[in-house]
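The next block holds one structure in the form of structure tokens; read it before the comments.
The values are calculated or read from the model by the stated rules, or taken from the named source; none is laboratory data. What you see is a predicted model; the values in this text were computed from it and never measured. Note: ideal-geometry Cβ built from the backbone for every residue, glycine included; neighbour counts use all protein chains shown.
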Amino acid sequence: IADGDAARWDTWESLIAEAKALGDAASAGEIQLQRAAAALRADDFDQGLLFAAAARQAALDATQPVLYLMAAMLTAEAREGRGDDAGVIEILLTCKATLERAFGRELAEPVITVLDSLEPRWGQARFAAALGRYRAWAAARKAAEAQA
């Protein structure tokens with residue numbers, strides 16, 4: 001965070017702390033979402049990823065599907081900005097599964113649209129490489145869980 005931005009980040013921290021003190025996870029998540037968006041506008045993908053993850057967790061805590069969807073989309077944007085195409089696929093599939101399981105298929109439709117847009121946007125080679133890396137990661141994770 002640049003020195004000139006410190007006051008703005010401190011203000012957000014204060015607002016988040018106040019929302020949490022009031023037990024308002026949804027408001028805390030909304031503030032984290034705004035922080036993530038601001039970080040991404042500044043091309044600070046690491047901070048954007050951090051704040052989007054906090055917003056996603058707050059959305060889950062508050063049972064806020066739209067907030068969860070928006071936070072997952074910002075997470076995907078941050079991962080793409082970092083060059084983590086497999087991570088983009090992973091977060092979108094996780095978001096889709098979470099929304100379907102918790103709220104029904106209808107709320108997952110926007111995620112399906114974004115997933116379907118990846119290959120045309122990235123091109124076949126980039127998409128295939130990302131999907132291959134995602135599948136390898138998912139298989140390794142499944143094997144590790146089976147061993148545990």
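A few points about this structure:
- First in segment 59-83 and without any contact (Cβ under 8 Å) to a residue 40 or more places away in the chain and more than 21 Å from Trp122 (Cβ to Cβ), second anywhere and polar (S, T, N, Q) and part of a helix (DSSP H, G or I), Cβ under 7 Å, 6 or more apart: Tyr68/Thr98
- Scope segment 39-49; condition in a helix (DSSP H, G or I) and either of a type in the set (Val, Ile, Thr) or in contact (Cβ under 8 Å) with a residue 12 or more places away in the chain (or both); matching residues: Ala39, Leu40, Phe45, Asp46, Gln47, Gly48, Leu49
- Matching residues, segment 81-106, being under 18 Å from Ala55 (Cα atoms) and either buried (at least 16 other Cβ atoms within 10 Å of the Cβ) or at pLDDT 95 or above (or both): Gly87, Val88, Glu90, Ile91, Leu92, Leu93, Thr94, Cys95, Lys96, Ala97, Thr98, Leu99
- Residue in segment 132-146 that is closer than 22 Å to Ala26 by Cβ, of a type outside the set (Ser, Thr, Tyr) and surrounded by fewer than 21 Cβ atoms within 10 Å (Cβ to Cβ) present: no
- Search result, residues across segment 110-120 that are surrounded by fewer than 15 Cβ atoms within 10 Å (Cβ to Cβ) and either modelled with pLDDT under 95 or not acidic (Asp, Glu) (or both): Ile112, Thr113, Ser117, Pro120
- Restricting Ala52, Ala28 to residues that are closer than 22 Å to Phe103 by Cβ, part of a helix (DSSP H, G or I), at pLDDT 95 or above and not charged (D, E, K, R) narrows the list to Ala52.
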